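What follows is calculated from the coordinates using simple rules that are stated; it is not laboratory data. All values derive from a computational prediction rather than experimental measurement. All Cβ positions, even for glycine, are placed from backbone atoms using ideal geometry, and neighbour counts span all protein chains on display.
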Amino acid sequence: MLKHMELTQRSLAQELGCSRSLVYQWVHGRRPSKRFLDKVCDILGVEPDMLWPAL
């Protein structure tokens with residue numbers, strides 16, 4: 001998803017004001033906290049369940 005939007009983990013982290021390692025965790029399956037979830041989805045233009053399906 002990030003490559004398609006020409007974003008890197010680092011650029012997304014900068015835009016969100018968080019660390020790149022936190023974005024790395026999200027890319028590898030960890031769901032963001034509510035603090036970041038809506039922002040990430042707005043930037044990527046998707047619903048949360050598209051990236052992190054409910055368990």
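Out of all the residues in segment 17-30, is one or more of a type in the set (A, V, I, L, M) and more than 10 Å from the chain's Cα centre (by Cα)? First the steps, then the outcome.
Going residue by residue through segment 17-30, those that are of a type in the set (A, V, I, L, M) are 22-23, 27.
From what is left, the residues that are more than 10 Å from the chain's Cα centre (by Cα) are none.
No, segment 17-30 contains no residue that is of a type in the set (A, V, I, L, M) and more than 10 Å from the chain's Cα centre (by Cα).
Of all the residues that make up segment 8-23, how many are in contact with a Lys or Arg (Cβ under 7 Å, 6 or more places away or on another chain) and surrounded by 13 or more Cβ atoms within 10 Å (Cβ to Cβ)?
Number of matching residues: 4.
How many residues does segment 15-40 contain that are part of a loop (DSSP other than H, G, I, E, B) and among the basic types (Lys, Arg)?
Going through segment 15-40, the residues part of a loop (DSSP other than H, G, I, E, B) turn out to be 17-19, 28-33.
Filter once more, so that each one left must be among the basic types (Lys, Arg): 30-31.
Of the residues in that region, 2 qualify.
Tell me whether segment 41-48 contains one or more residues that are more than 10 Å from the chain's Cα centre (by Cα), without any contact (Cβ under 8 Å) to a residue 24 or more places away in the chain and assigned to a helix (DSSP H, G or I).
no
Here are some residues: 2, 12. Which one is outside any loop (DSSP other than H, G, I, E, B) and in contact (Cβ under 8 Å) with a residue 12 or more places away in the chain?
Criteria check complete, one pass: 12.
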